[in-house]
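Have a look at the structure below, then the notes.
Coordinate-derived values only; no laboratory data. Keep in mind the model is a prediction, meaning the values are calculated, not measured. Cβ placement follows ideal geometry from the backbone for every residue including glycine, while neighbour counts extend to all protein chains displayed.
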């Protein structure tokens, strides 16, 4: 009727209920049967003992052939059972219903041995289920005969039949109620799961705006919350990715447009001055594209965890000095001063080119966002087992809302200067690959400070 989890839950409810009902009703039915059988047996035993006492007290001197008829007739008046009296050989001498057939049953055998015997089973091959109790008739301590009380169990069987029918009807009703309850209860579990599944399918299809209502404060509710958080994060990441692609497209389109424009101009003919200018611009824009493509390749390697380091012993002071010297002409053109304060430090283990790439990215950002007349200070020192490099500028600073995300993948601060938004993300990953840490402090309108911490010893 149902598929999936709901069907399994309902089926489990019903199966467990059926097992419990069958076991309970079987125990109850057996208890009722034994109760009735026990009562009948006790009554017959009492009557048989009473008949034995009557024989001892009042008829012990009489011949058993004469006493048998009196005993069977008299006790038939006060009992619903068939009363039989037989001698020690098993010959029936008296029967309240006139049945003088020879009987050989276990209860009679026991009575002949001087003890009360009981029998339950087929009566004289008729198929009728009976209960029989036999008691010895004693004279001078010797068994001279047997008195036997036999009663049909048909009435008990009829009662048990009615009880079983009632049990079956009750069981069916209980199973039906459990099935209905199971459907309703399972619905409270499966309905949220269906909603979660549908939401997950929409998220996998790119719909990150989907949100789920938390119905219950349980595992399913927490799963819904987690999915909502995942959708929100994926939505944010998707928006950042789109901004990233837009920014990258702009970054690529600008130099390509410039290259194409100058190529067309030079193709139409130009004097040497214009030719030199055009080729210079084409070379510059080509270099820009090369740097951008290399950054994208680095970013791709980082995304797939395929970036490796060419670790070697390096002079950190020499690395910083050479990088600053490389950036200084640009700073001078922009009217920005660069100062360094670098302590003497022992060689460290690291990838020279990757660490230089990080320094260039940070200095490039500082130059982009620092106005003419501003300054950039580079300070490096050893602190215990770490070396610290601090690059501080007097630039525009980063707004607080952007500061926590500035090193995230695909994130761009949407500043007035163009940029791909991957430089700091790559730099952070490279430093972490070295076992270090990159942190940024900034205040809008005041400036930005980037701190790089690297292990002073061997890379682990």
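Computed values, structure above
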item: Paramagnetic reach from residue 37 in the stretch 148-167 [backbone N under 19 Å; point 7 Å along Cα→Cβ]; result: 149-165
item: Förster-model FRET efficiency, 41 Å R0, residue 66 and residue 22, C-beta, rounded to 0.05; result: 0.15
item: Shape category assigned to the stretch 73-136 from the gyration tensor of Cα positions, a/c cut at 1.5; result: rounded
item: Angle between the chain longest axis and helix 4-58 axis [Cα atoms, degrees, rounded to 10]; result: 20
item: Rounded to 5, the percent of DSSP beta bridges in the chain classed as antiparallel; result: 90
item: Point-to-point label distance, residue 74-residue 333, nm (Cα→Cβ direction, 7 Å offset); result: 14.1
item: In nm, spacing of pseudo-spin labels at residue 265 and residue 443 (7 Å Cα→C-beta vector); result: 4.5
item: Part-to-part distance (alpha-carbon centres) for the stretch 343-359 and the stretch 156-217, which is given in Å; result: 65
item: Neighbour-count ranking [beta-carbon atoms within 10 angstrom, fewest first] of 126, 448, 170; result: 126, 170, 448
item: Contour excess over end-to-end distance, with Cα ends at residue 209 and residue 353 and 0.36 nm allotted per residue; result: 47.6 nm
item: Label-point separation in nm, residue 325 to residue 234, each point 7 Å along Cα→Cβ; result: 5.2
item: Between 0 and 90°, nearest 10: helix 272-303 axis offset from the chain longest Cα axis; result: 20
item: Likely footprinting exposure, 161, 434, 379, fewest C-beta neighbours within 10 Å first; result: 161, 379, 434
item: Residues 71, 5, 281, 259 arranged by fewest to most Cβ contacts within 10 Å; result: 5, 281, 259, 71
item: Extension gain from residue 30 to residue 360, taking 0.36 nm per residue of separation minus the Cα-Cα distance; result: 109.7 nm
item: 37 °C / 0.692 mPa s Stokes-Einstein diffusion coefficient of the stretch 312-455, Kirkwood radius on C-alpha pairs, µm²/s; result: 214
item: Rounded FRET efficiency, nearest 0.05, which uses the C-beta distance separating residue 181 from residue 113 and R0 of 60 Å; result: 0.55
item: Extension gain, residue 404 back to residue 129 (0.36 nm per residue minus Cα-Cα distance, nm); result: 90.0 nm
item: The chain - mean residue ellipticity at 222 nm from DSSP helices (-39,500 (n - 2.57) per run, n ≥ 4, rounded to 500); result: -20000 deg cm²/dmol
item: Directionally averaged projected area (convex hull, Cα atoms, the chain), nm²; result: 45.4
item: Cα centroid of the stretch 436-450 to Cα centroid of the stretch 6-41, whole Å; result: 76
